[in-house]
Amino acid sequence: MHAALARRGIRVDQGWVDAAARAGCTTEEQLFVQFLAHDLRKAATAATLPRPLGATLGGAWVLQVEAVADVGEPAPRHAKTMKALLTDGVNDVGAVCQGWIDRLELGAKVFVKDAPVQRGVVLLRPDNCRVLDGLGHVKAEALAA
């Protein structure tokens, strides 16, 4: 199951996967729900984000929101400018949201794919970022690497 998660951008320690299996996670879907509820800083043991970041954060990544703030002028929700601090569990990276990303909040896991990077800041848009949850909004099998 560890390799199946990695193909979807979820990079966790094999020991975490083994512990989840011992706790009763027998399917990929159960493991995915357990991952969403878990603090990524406790599931990851090695840095995965490339350093330094290039012009694009290529491939599929699942990162955790460590901080988020509205940094723009007062505007309707869909036009707000948000900044976020994301982590792979070891390394942090700043991000700016170019467009509204629903349910972006502290502790959320976000699926990021081929996001542009400027001056070390990941540029998140609705077409390259989705917030994951265990309520069916984005299922594990819907993540395509």
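What the table below lists for this structure:
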{"item": "Residues satisfying the stated conditions in the stretch 1-11, i.e. open to solvent by less than 60 Å² (accessible area, probe 1.4 Å), at negative phi and in contact with a strand residue (DSSP E or B) (Cβ under 9 Å, 6 or more places away or on another chain)", "result": "Leu5, Arg8, Ile10"}
{"item": "Filtered residue count, the stretch 14-50, keeping only those that are open to solvent by less than 50 Å² (accessible area, probe 1.4 Å) and either in contact with a helix residue (DSSP H, G or I) (Cβ under 7 Å, 6 or more places away or on another chain) or touching a residue at least 60 places away in the same chain (Cβ under 8 Å) (or both)", "result": "10"}
{"item": "Condition met for Val62 (within 15 Å of Asn91 (Cβ to Cβ), under 14 Å from the mean Cα position of the chain (by Cα) and in contact (Cβ under 8 Å) with a residue 12 or more places away in the chain)", "result": "yes"}
{"item": "Check on Leu57, modelled with pLDDT of 85 or more, out of contact with any helix residue (DSSP H, G or I) (no Cβ under 8 Å at 6 or more places or on another chain) and buried (at least 19 other Cβ atoms within 10 Å of the Cβ)", "result": "yes"}
{"item": "Among the residues listed as Asp88, Asp92, Asp114, the single one being of a type in the set (D, E, K, R) and free of Cβ contacts under 8 Å to residues at least 40 places away in the same chain", "result": "Asp92"}
{"item": "Residue in the stretch 108-115 that is open to solvent by 30 Å² or more (accessible area, probe 1.4 Å) and either modelled with pLDDT of 85 or more or within 30 Å of Gly15 (Cβ to Cβ) (or both) present", "result": "yes"}
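The values are calculated or read from the model by the stated rules, or taken from the named source; none is laboratory data. Because the structure is a prediction, the values reported are computed rather than measured. For neighbour counting, all protein chains shown are included, and Cβ atoms are generated from backbone atoms with ideal geometry for every residue, glycine included. Accessible surface is based on the protein model in full, side chains and every heavy atom, while ligands, DNA and RNA are left aside. Shrake-Rupley method; radii C 1.70, N 1.55, O 1.52, S 1.80 Å.
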